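The values are calculated or read from the model by the stated rules, or taken from the named source; none is laboratory data. Keep in mind that this is a model prediction, so the values were computed, not measured. Here the Cβ positions follow ideal geometry from the backbone for every residue, glycine too, while neighbour counts run over all protein chains shown. Ligands, DNA and RNA are stripped out before the accessible areas are found, and what is left, the full protein with its side chains, is counted by its heavy atoms. Shrake-Rupley method; radii C 1.70, N 1.55, O 1.52, S 1.80 Å.
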Amino acid sequence: MPPPFPTDAPSPAAGSDGAPDRPEITSFLAARGTDRMPHPGGTLLQHLVRVARLLSQWGADPDVQVAGLCHASYGTAGFDQALLSPTERPVLAELIGDRAEELVYLYASCDRGVVYPRLSDVRPVVFRDRFTGAEHTPPEPDVRAFLEITAANELDVLTHNAELAKRYGPDLYRMFADTRDLLSAAAWQAYAELAPSAGWSAARP
């Protein structure tokens with residue numbers, strides 16, 4: 001697994017560090033206050049850039065990398081500070097493209113309390129939209145992208161906050177073990193390499 005990225009990382013617009021070279025996106029995110037929002041490992045903007053770097057290192061599709069960079073735009077079930085309202089989806093789509101925006105919305109709208117248990121149990125996975133309450137079945141490529149962004153996001157959080165790693169790491173590791181067939185080999189390897197030192201087991205308690 002790559003070491004955690006330092007919080008004093010170079011400019012997020014720099015393409016040499018593996019992150020998407022999209023300064024117009026990072027400028028937009030900064031203008032929405034992400035460079036001032038505290039987050040494990042520094043600021044939310046630094047976290048977003050690190051997530052995009054991980055996805056790049058794992059060989060994710062460019063749209064998935066950009067979605068990872070913007071994954072907190074509408075808030076999430078675990079982070080309620082939204083940068084845009086879901087009614088502003090056209091604003092983000094114009095900036096990052098329809099495909100990347102759709103992945104951002106899928107990630108942000110996921111009702112994790114309902115969907116996470118389903119990820120381990122059944123295929124295809126039925127999602128519940130936490131904004132509308134509607135249920136739908138995304139195509140498998142979207143579920144794979146969702147899980148890849150989730151894996152990168154959670155890995156960055158867990159490697160920057162020991163308390164959260166202790167509290168949530170075991171359950172997340174079991175979820176990713178159960179959904180290994182939908183993860184990239186690189187994403188799964190990152191968790192598999194971290195598990196022994198973190199004391200995580202795929203066995204159910």
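Table: residues versus (1) buried (at least 18 other Cβ atoms within 10 Å of the Cβ); (2) in contact with a strand residue (DSSP E or B) (Cβ under 8 Å, 6 or more places away or on another chain).
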{"site": "127", "(1), (2)": "yes, yes"}
{"site": "131", "(1), (2)": "no, no"}
{"site": "137", "(1), (2)": "no, yes"}
{"site": "148", "(1), (2)": "yes, no"}
{"site": "151", "(1), (2)": "yes, no"}
{"site": "161", "(1), (2)": "no, no"}
{"site": "164", "(1), (2)": "no, no"}
{"site": "185", "(1), (2)": "no, no"}
{"site": "194", "(1), (2)": "no, no"}
Taking region 91-112, which residues are free of Cβ contacts under 8 Å to residues at least 60 places away in the same chain, farther than 14 Å from residue 126 by Cβ and of a type outside the set (D, E, K, R)? 91, 92, 93, 97, 100, 103, 104, 105, 107, 108
Could you go through region 81-89 and let me know if any residue there is surrounded by 17 or more Cβ atoms within 10 Å (Cβ to Cβ), in contact with a Cys (Cβ under 9 Å, 6 or more places away or on another chain) and either at pLDDT 95 or above or of a type in the set (D, E, K, R) (or both). yes
Per the filter on region 86-112, residues among the hydroxyl-bearing types (Ser, Thr, Tyr) and closer than 25 Å to residue 154 by Cβ are 105, 107, 109
Tell me, please, whether a residue that is open to solvent by less than 30 Å² (accessible area, probe 1.4 Å) and within 17 Å of residue 160 (Cβ to Cβ) can be found in region 27-35. yes
Just need a number here: residues in region 43-62 that are surrounded by fewer than 19 Cβ atoms within 10 Å (Cβ to Cβ) and in contact (Cβ under 8 Å) with a residue 60 or more places away in the chain. 3
Of all helices (runs of 4 or more DSSP H) completely enclosed by region 111-205, which ones contain at least 1 residues that are under 20 Å from residue 50 (Cα atoms) and more than 14 Å from the chain's Cα centre (by Cα)? 140-160, 162-178, 185-198
Scope region 90-117; condition of a type in the set (Phe, Trp, Tyr) and surrounded by 23 or more Cβ atoms within 10 Å (Cβ to Cβ); matching residues: 107
Residues (β-branched (Val, Ile, Thr) and farther than 29 Å from residue 41 by Cβ) located in region 126-152: 126, 132, 137
Kindly check whether there is at least one residue in region 169-176 that is touching a Gly at 6+ places or on another chain (Cβ under 9 Å) and either within 26 Å of residue 65 (Cβ to Cβ) or surrounded by fewer than 16 Cβ atoms within 10 Å (Cβ to Cβ) (or both). yes
Go through (1) touching an Asp or Glu at 6+ places or on another chain (Cβ under 8 Å); (2) at pLDDT below 95 one by one and return the number of the condition residue 16 breaks. (1)
Residue among 113, 78, 59, 97 that alone is small (Gly, Ala, Ser) and in contact with a Ser or Thr (Cβ under 9 Å, 6 or more places away or on another chain): 59
Quick one: is residue 130 within 22 Å of residue 75 (Cβ to Cβ), among the basic types (Lys, Arg) and in contact (Cβ under 8 Å) with a residue 40 or more places away in the chain? yes
